[in-house]
Ligand code: MF3
Ligand code: CO
Ligand code: CO
């Protein structure tokens, strides 16, 4: 039995655009606050207050018992890092992941930041991971399949010497934070769910500098690389359209980089 993935209505999309605008604002705001000496709890508080002040709901709060507005994943943390008393050091590489609900609909996006000056290797891992996200997004159009998205992501990671985490995927998104289908960051071209106009889902590749295996810390949330190598992730919420895609969570600050990337291809 094929799983039918519903297209979002115009009203649902309108709410997703509003949720997205707030999530975009969070990531645009928080960059200036990421510096050595601040705690991840402090960064989470700023994000939480921004969401509420702009009329959104921090959708992670209360989700499966999670208590924070963001996940903040530092260095070897792959995803679901819990904001807390950890103070950032010069050179730390971190992902801030935020989910906003508005009008009953969700937007989910994350970006990489560095406290102070990242190492050359950290900066490269972050850049290649963002290129993987962009390559995956560029595959999106009606008639393409999710295997096409996964394949280009995995190939770009692999040819640059990085592994792709398989234990966590992108996901459909809408009235629920996590909906069908799963969006794998590896796969075979011409396979998997066929994209249809009006589908909304995230693409959120996690790349490791070392091996792809992950472990879960005793807090039940924090996912780390098993070999403790550096990990990076970028995430967007994307709408499939008849002739392509719309990146609902595209930030004004990344537009120039996005256009330069598109022009190269
Ligand atoms: N933002 C995550 C994702 O990309 C999910 C957050 S889990 C939560 O799917 F518990 F923090 F909500
Ligand atoms: Co997500
Ligand atoms: Co997310």
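Each value in this text was obtained by applying a stated rule to the coordinates, not by laboratory testing. Model, not experiment: these values are computed from the prediction. Positions of Cβ are backbone-derived with ideal geometry, glycine not excepted, and every protein chain shown enters the neighbour counts.
The modelled label-to-label distance between residue 41 and residue 123, using points 7 Å beyond Cα along the C-beta direction, is 3.3 nm.
Could you calculate the FRET efficiency of residue 61 with residue 246 from 1/(1 + (r/R0)^6), where r is the beta carbon distance between them and R0 is 35 Å, rounded to 0.05?
Numbers: r = 28 Å, r/R0 = 0.79.
The value I calculate is 0.80.
Our estimate of slack between residue 138 and residue 189, defined as 0.36 nm per intervening residue step minus the Cα-Cα distance, is 17.0 nm.
Per the Kirkwood formula applied to alpha carbons, region 1-156 shows a radius of gyration over Rh ratio, Rg over Rh, of 1.00.
Rounded to the nearest 0.05, what FRET efficiency do residue 9 and residue 90 have when you use their Cβ-Cβ distance and R0 = 51 Å? Provide the component values of the computation, followed by the final result.
Values: r = 48 Å, r/R0 = 0.94.
After rounding to 0.05, the efficiency reads 0.60.
Maximal additional length on extending the residue 167-residue 263 stretch stands at 31.3 nm, based on 0.36 nm per residue less the C-alpha distance.
Normalising by the residue count of region 10-263, find the relative contact order in percent from Cα pairs under 8 Å and 6+ residues apart. Could the numbers behind the result be given before it?
Details: 643 pairs, mean separation 52.9, N = 254.
It rounds to 21 percent for region 10-263.
Largest GNM mean-square fluctuation across 37, 172, 56, computed for the chain with C-alpha springs under 10 Å, falls on 37.
Taking region 1-78, how much of its Cα-Cα pair set, in percent, is spaced more than 20 angstrom apart? Walk me through the numbers on the way to the answer.
Details: 1372 of 3003 pairs.
Everything past 20 Å amounts to 46 percent.
Using a Förster distance of 51 Å, how high is the FRET efficiency between residue 28 and residue 196, based on the Cβ-Cβ distance and rounded to 0.05?
Numbers: r = 31 Å, r/R0 = 0.61.
Approximately 0.95, to the nearest 0.05.
A quarter of the convex hull surface defined by the alpha-carbon atoms of the chain gives 13.4 nm² as the mean projection.
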